[in-house]
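A short worksheet on the structure shown next.
The values are calculated or read from the model by the stated rules, or taken from the named source; none is laboratory data. Bear in mind that the values here come from a model prediction, so they are computed numbers and not experimental data. All Cβ positions, glycine included, derive from the backbone under ideal geometry; neighbour counts span all protein chains shown.
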Amino acid sequence: MKENKLKFNSIVIHGGQAPDKAYGAVMPPIYQTSTYAQKSPGEHLGYAYSRSANPTRSALEKSLASIENGEYGLAFASGLAAIDAVLKLLNPGDEVIATNDLYGGSYRLFNRIFEKYGLVFHYVDMQNANTIETLITLKTKLIWLETPTNPMMNIIDIAAVAAMTKKHHLLLAVDNTFASPYLQQPLNLGADIVMHSATKYLGGHSDVVLGALVVNDIDLADKLYFIQNASGAVSGPMDSFLVLRGIKTLHVRMQRHCENGSIIAHYLAEHPKVEKVYWPGFENHPNYSIAKKQMKAFGGMISFIPKGSTYTDAKRIVENLNVFTLAESLGGVESLVGHPASMTHASIPKEEREKVGVVDALIRLSVGIEDVSDLIADLEQALK
Ligand SMILES: *Cc1c(COP(=O)(O)O)cnc(C)c1O
């Protein structure tokens, strides 16, 4: 449902969110039910069984569509369940071209599950859209793109890739988890499918695992809905409610994530104990101009390599941080630190991950919305 009249900061609160039909509840109730009473066989109020549809999930799906400026939203049990549904659009022998520094779980799903069923995956540096084109064959069906990439913070020009996929009649799916729709809206740039791990910025409070897809095309929406219902990896009512609540503050959280992220990225870049910082807001970032063009700001995700550049150097720092919690995941109000090589990207073979820069010394920060002076003080003592 398009809410063309409202601005983004209002859409996150009102998008698709009419008061509940039963009693006018302003917040969508948690319809914790599996089934619904029918007057006579097949005669019901629009809901028959909660795998097929549930009112709390429907409210979330409308909200998801509106914040991505799309027509149709679908909510899944996790981000990976959402990706799994997209891949089930394909048939054995079909080929997929994906970003080479992909989220580790996506890589594992592609190579360890879907390759078994006959899908063929190619991984490529997508910073130049022309390099993708050289891999296209008659069997190519889907381009899978992540930007900013995780954890190297490379930026891919979504509009340039979309122009190329349109020319070849391919589907373009964008994993928009790192940016969130506050920073970029891939459907507006020509993508066919937007995917989210709502576990991260959309939920925003590290208290729920959930995935999302948003599309504009009704045939594509119907196919994905069929898969969602047939495979059954739907989000539950309570989890749907938590993400709905998270989305209402997405804009204010993102603004602070970006402000704190910028201050910390610059602090690290000037620090004598830091070797290299990866953050798309630096003017000398190789794709700064694309980031500036397609993103509203540069986000709160930062990777860096400490001086010394060994695993021991990285390990000492992550162990000594106190305000930053050492944990998987990202996008919550609290700051987290991760070690991609042993955590998020452990499922990618060492040579593969080192090729794209995920070395043993790399540290990844998800900058939260605490007082930034406390975050800087924590980094300062850990870097000492
Ligand atoms: C976390 C994440 C996923 C997977 O989502 P889950 O909700 O953990 O299943 C996919 N892509 C990116 C970029 C992620 O960060």
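Observations
- Check on A233, within 16 Å of the ligand (Cβ to nearest atom) and closer than 22 Å to A191 by Cα: no
- Helices (runs of 4 or more DSSP H) contained entirely in segment 1-96, each with at least 1 residues that are acidic (D, E): 55-67, 79-87
- Looking only at segment 71-96, and only at residues there that are small (G, A, S) and away from the ligand (no atom under 13 Å from the Cβ), the one that is nearest to S52 (Cα to Cα): G73
- Residues in segment 97-115 that are near the ligand (Cβ under 10 Å from one of its atoms) and either assigned to a loop (DSSP other than H, G, I, E, B) or not assigned by TED's automatic domain parsing to the domain that holds N229 (or both): L102, Y103.
- Test set (1) outside any loop (DSSP other than H, G, I, E, B); (2) closer than 22 Å to S329 by Cβ - L142 fails condition number: (2)
- Taken over segment 199-219, the residue count meeting the criterion of being more than 13 Å from the ligand (Cβ to nearest atom) and either assigned to a helix (DSSP H, G or I) or among the β-branched types (V, I, T) (or both) is 4.
- Yes/no for Q228 being in contact (Cβ under 8 Å) with a residue 60 or more places away in the chain, surrounded by 19 or more Cβ atoms within 10 Å (Cβ to Cβ) and within 17 Å of L145 (Cβ to Cβ): no
- Given (1) closer than 29 Å to L244 by Cα; (2) in a helix (DSSP H, G or I), number of the condition H196 does not satisfy: (2)
A quick yes/no check of all residues on (1) surrounded by 23 or more Cβ atoms within 10 Å (Cβ to Cβ); (2) closer than 29 Å to A297 by Cβ; (3) within 12 Å of the ligand (Cβ to nearest atom):
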| position | (1), (2), (3) |
| --- | --- |
| Y123 | no, yes, no |
| T137 | no, no, no |
| E146 | yes, yes, yes |
| T149 | yes, yes, yes |
| N154 | yes, yes, no |
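- The sole residue among S66, S78 that is crowded, with 23+ Cβ neighbours inside 10 Å and touching a residue at least 24 places away in the same chain (Cβ under 8 Å) is S66.
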